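Engineer: Okay, here's the structure, questions in a sec.
The values are calculated or read from the model by the stated rules, or taken from the named source; none is laboratory data. Predicted model, so just to flag it, every value in this text is computed and none were measured. So basically every Cβ, Gly included, is an ideal-geometry build from the backbone, and we count neighbours across all protein chains shown.
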Amino acid sequence: MDEHSLSDNIKETPFYKYHVAAGAKMVPFAGYLMPIQYTGITEEHLAVRKNVGMFDLSHMGEFEISGPKALEFIQMMTTNDASKLTVGQIQYSILCYPDGGIVDDLLVYRLTDKYMLVVNASNIDKDFEWLKSHLIEGAKLVNRSDEFGLLAVQGPNAQKVVSQITDFDLETIPYYNCAVIKSGKHTFLISRTGYTGEDGFEMYLTQEMCDDLWKACIVAGRKFDMKLIGLGARDSLRLEMKMALYGNDIDKSTTPIEAGLAWVVSFDKGDFMARNILLKQKEEKPKRRLICLELEGKAFPRHGYDLVAGSEIVGQVTSGTFSPSLQKPVAMGYLPLKMTALGNAVDVKIRDRLFPAVVVKPPFYKEGTHR
């Protein structure tokens, strides 16, 4: 979901001092100093796949939408059908420009008396201004991004860790649902969501809760050898699951149909931003699609590298890495529609060499524990 962004006013998350104490390599990211890695991206990645890890995601944005016309506003601005949400449910959705380009991808939370939108860190200001410029009477929009710290515990043993800090029966929270739980003296929202393909939870904490919950999670995690995880492993984990990264795989020049995200575009819910453009593109088929590629050799495909067929450049890599789980190079990129069939061969140009690649069925990693 995020893109790299530098800012003159670099902020620290509520957990900054813990990252430094743990020896994290800190980098400016989306206006914050964030941990890119602690012990190493591959080790952290595999800890989440095989066991459990904890992430600081406090840089993400949270907007609240309330009032009698809150749902009507969300329905107009997002592609998915938020009217299907019952209290406690969450959906993945997209904000589009009138031409079908993507403003951002986001999560929509249906809470008791309001909705919460969770947006990408680098898009907070842009998204808020976009929503504000289309706000209707009867809907109230509030940016609460600076009020929250966000901790995520992800991996096959995530529930075992989080169950140590609360009496709440976490088994009653299905995937893509949320609940209000109590831990010690604190009450907060927790969701069974994540960006890794593994089971896990994300905790929305007000600033005064952050120290207590960090310490509680660290103590709970010791029993399971929980690792601290940086943004580097978060990126490789999401790529293995073909989860889109804003600024790389999707942006204002791509549409949900091209990006393979038609499943979150609900054409039958009524009118919404760019509906007719997207419907026409779906019916006529887009000229290109986002695909998954597996490469031969020990290549390291990166964003912007050319995809080549014969002597012709036919696309670019949008995201790529050497997959720690699969031990092979993987990449995503857009190819002309006629070249997107499974098994189609292209080359990835890395420096002056061409590495053979083949279109494969997503996700790359097929054994995630999310449910």
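Engineer: How many residues does region 31-90 hold that are closer than 25 Å to Ser133 by Cα, in contact with a strand residue (DSSP E or B) (Cβ under 7 Å, 6 or more places away or on another chain), among the polar types (S, T, N, Q) and buried (at least 18 other Cβ atoms within 10 Å of the Cβ)?
Structural biologist: Residues meeting the conditions: 3.
Engineer: Which of the residues that make up region 42-96 are assigned to a helix (DSSP H, G or I), more than 24 Å from Val264 (Cα to Cα) and either β-branched (Val, Ile, Thr) or touching a helix residue (DSSP H, G or I) at 6+ places or on another chain (Cβ under 7 Å) (or both)?
Structural biologist: Those that are assigned to a helix (DSSP H, G or I), more than 24 Å from Val264 (Cα to Cα) and either β-branched (Val, Ile, Thr) or touching a helix residue (DSSP H, G or I) at 6+ places or on another chain (Cβ under 7 Å) (or both): Thr42, Glu44, His45, Val48.
Engineer: Could I ask something else about it? Examine region 168-184 for a residue that is closer than 30 Å to His303 by Cα, assigned to a strand (DSSP E or B) and charged (D, E, K, R), and state whether such a residue exists.
Structural biologist: No - not one qualifying residue is present in region 168-184.
Engineer: A further question on this structure: Give me the pairs, please: first residue somewhere in region 165-190 and surrounded by 15 or more Cβ atoms within 10 Å (Cβ to Cβ), second residue anywhere and acidic (Asp, Glu) and modelled with pLDDT of 95 or more, beta-carbon distance under 6 Å, and either six or more positions apart or on two chains.
Structural biologist: none
Engineer: What are the residues in region 3-60 that are at pLDDT below 95 and either β-branched (Val, Ile, Thr) or over 15 Å from Ala121 (Cβ atoms) (or both), if any?
Structural biologist: Once the filter is applied, which keeps residues that are at pLDDT below 95 and either β-branched (Val, Ile, Thr) or over 15 Å from Ala121 (Cβ atoms) (or both), region 3-60 yields Asp8, Ile10.
Engineer: Does Asp125 qualify as being in a helix (DSSP H, G or I) and charged (D, E, K, R)?
Structural biologist: Considered against the rule, which asks whether it is in a helix (DSSP H, G or I) and charged (D, E, K, R), Asp125 comes out as yes.
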